[in-house]
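The values are calculated or read from the model by the stated rules, or taken from the named source; none is laboratory data. Everything numeric here is computed off the predicted structure, so don't read it as measured data. Cβ sites come from the backbone with ideal geometry, for glycine too, and all protein chains shown count toward neighbours. These accessible areas exclude ligands, DNA and RNA; they are computed on the full protein's heavy atoms, side chains included. Shrake-Rupley method; radii C 1.70, N 1.55, O 1.52, S 1.80 Å.
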Amino acid sequence: MNILVISRSNVVKELIKLILEKENFNTDYVNSSKEVASGIYDTIFLDDSVYNLDMELEFIKNIEYSKLIFIGTNRHIKTKVDEVIKKPFLPKDIKNALENLPLKISSVHVKTNEIKTKILDPQEIARIKELIQDDEDEHKQELSYIDLLTDRQSLKLKKKKAKELLYEISTLSKKDIKRLLKGAKISIKIQFKSDNYE
């Protein structure tokens, strides 16, 4: 079985690796579907940690797959995917999702009656705690500008970051932009490089 995991979260990637490590699956882990050159996948896991989910779904349309599973709680995404796994998820949630795979590309290899539980040793627990801490720190730094504005945080952006903000806002509807920027004081300064031929 070919599986694609799209996530910016090291915790999600490592947990899925732990769940699938004993199965004979070919699994690719990427931060964005833009990184996928080609391939056919039985299952794609899309985590809510990726930037701009709507754009990500557009890129996924170019990938051949049987089932798209969303990991997270974003309500408007539910109608655009085959299945939703809410966070925090358990190993059985991932395995159940793989069992319910439509037999479009290949057959499912998961055998629930042979699943053996394994208690994590202290080193594995320490590693998972470390990954969770790293992921939380990373997530604080990687919030999208829209998320920051939703949390009513002030922004002062220049150059590339300002362009990124404008690009993110351009994906929203007028109604969403009005709601997002309600009560905000906005200053925009546009300055072009001068052409000096001396």
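On inspection, Lys95 passes the criterion of being open to solvent by less than 50 Å² (accessible area, probe 1.4 Å) and either farther than 25 Å from Glu164 by Cα or of a type in the set (Asp, Glu) (or both).
On inspection, Asp42 fails the criterion of being closer than 22 Å to Ile169 by Cα and either open to solvent by 30 Å² or more (accessible area, probe 1.4 Å) or in a strand (DSSP E or B) (or both).
Residue-level analysis places Lys161 outside the set of residues that are more than 30 Å from Asn31 (Cβ to Cβ), in a helix (DSSP H, G or I) and modelled with pLDDT of 75 or more. Residues in the stretch 1-37 that are closer than 16 Å to Val50 by Cβ, charged (D, E, K, R) and surrounded by fewer than 20 Cβ atoms within 10 Å (Cβ to Cβ): Arg8, Asp28, Lys34, Glu35. In the stretch 178-198, of all residues being surrounded by 10 or more Cβ atoms within 10 Å (Cβ to Cβ) and more than 23 Å from the chain's Cα centre (by Cα), the one that is farthest from Asp54 (Cα to Cα) corresponds to Ala184.
For the stretch 81-92, the set of residues classified as assigned to a helix (DSSP H, G or I) and open to solvent by less than 90 Å² (accessible area, probe 1.4 Å) consists of Pro91 only. Consider the stretch 46-80 and keep the residues that are assigned to a loop (DSSP other than H, G, I, E, B) and more than 14 Å from Ile6 (Cα to Cα). The one that is most open to solvent (accessible area, probe 1.4 Å) is Asn62.
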